[in-house]
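Working notes, beginning with the structure itself.
Just so you know, all these numbers are worked out from the coordinates, no wet-lab data involved. Given the structure is predicted, the values throughout are model-derived calculations rather than measurements. Note that each Cβ is placed from the backbone with ideal geometry, even for glycine, and that neighbours are counted across all protein chains shown.
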Amino acid sequence: APQYENIKTEVVGTKKNVGLIQLNRPKALNALCKPLFVELGKAVKDFDADKNIAAIIITGNEKAFAAGADIKEMQNNTYSSNTKDGFLQEWEDISNCGKPIIAAVNGFALGGGCELAMLCDIIYAGEKAKFGQPEINIGTIPGAGGTQRLPRYVGKSKAMEIVLTGNFIDAQEAEKMGLVSKVFPVEKLLEESIKLAERIGTHSPLIVKMAKQAVNQAYETTLKSGLLYEKSIFYGTFATEDRKEGMSAFIEKRSPIFKNE
Ligand code: CO8
């Protein structure tokens, strides 16, 4: 495995088809400094390109998923330095990933940490997770999607409340409002996230990618053009070997053998 300083990567799962990325700056509660993000972007890209990997998990440790952007690193940033250096540009690498990414959140997911979780496709949380956009406490606002993705997850009233107060919400509330899809005991979170990734990994990687693209389109467009987009991808699945294999296997009462074709 490649050597990183701010993250750890590992291939896990019984079929060794799950790419696990652990944020690894425990002393700073996994604050998302630039070197961490550069490494994270590279790790995601590499797993995305690796044909043995079906899905990716991003996790932290029991105390923190990530407590936000690195406040110490950005303290002396200026408007012009942000603009010239493209502050936070590395984040695009993660949204460009074609494979499903699961955020497995224990502990704090604050500011950029919450935004990183929301960039992922599915959020699973441990019982003690805490989410929030506390940027307002330090005189700024969310800058990596918080004001745009959070309302799409939880609606306007709750998003406003979270962004304007800076208050934290716990895992149970986060699940109730639809930010998180399931909550588990702290020590079960990773195992359950791996199970989820493995379940996704039983399907055709090609069709999984098409399905992810189609769902993501729901956030980019009107209902009418989203439905058109869905239809063309759905029709497109009929040009694949894996669609034929899936339906044949059903009719023949056997398990499908997908070839990613
Ligand atoms: N940046 C840098 N260092 C941090 C951060 C952070 N975001 N969060 C915690 N740390 C450091 C602390 O400074 C401390 O280091 P040291 O021991 O050297 O003083 C260490 O981590 C442990 O933290 P605490 O002692 O504070 O731990 P507590 O358990 O007392 O408190 C909290 C935990 C409540 C999470 C507290 O650390 C906290 O409030 N952290 C800041 C949370 C925050 O405001 N996050 C938002 C940051 S702003 C942001 O994300 C802007 C988004 C812009 C886009 C995203 C870009 C990546």
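Brief remarks on what is shown
- Among TYR124, TYR153, TYR79, residue whose mean-square fluctuation peaks in a GNM of the chain (springs only between Cα atoms under 10 Å): TYR79
- Here the calculated FRET efficiency for GLU261 and GLN172, from their Cβ-Cβ distance with R0 = 30 Å, stands at 0.10, rounded to the nearest 0.05.
- Gain in span if fully extended, SER95 to LYS209, counting 0.36 nm per residue against the direct Cα distance: 39.7 nm
- Distance in nm between pseudo-label sites at TYR79 and VAL38 (7 Å out along the Cβ direction from Cα): 2.8
- Orientation-averaged projected area, Cα convex hull of region 205-251 (nm²): 3.4
- FRET efficiency for the pair LYS182 and GLN148, taken as 1/(1 + (r/R0)^6) with r the Cβ-Cβ distance and R0 = 25 Å, rounds to 0.55.
- Stokes-Einstein, applied to the Kirkwood radius of region 90-141 over Cα pairs at a viscosity of 1.306 mPa s and 10 °C, places its translational diffusion at 135 µm² s⁻¹.
- Cα gyration tensor, region 122-261 - rounded (a/c under 1.5), prolate or oblate: oblate
- Within the listed set ILE141, ILE251, ILE162, the residue fluctuating most in the Gaussian network model of the chain (springs between alpha-carbon atoms under 10 angstrom) is ILE251.
- Spin-label model, THR221 to GLU127: label points 7 Å out along the Cα-to-beta-carbon direction sit 4.3 nm apart.
- With Cα atoms, 0 to 90° folded angle of helix 156-165 axis to the chain main axis: 30
- Dipole magnitude for region 50-149: computed about the Cα centre from +1 point charges on Lys and Arg Cβ and -1 point charges on Asp and Glu Cβ, it is near 180 debye.
- Modelled FRET efficiency - R0 30 Å, ILE138 with LYS27, Cβ distances, 0.05 increments: 0.95
- Once the Cα gyration tensor of the chain is diagonalised, semi-axes √(5λ) in Å: 32, 21, 18
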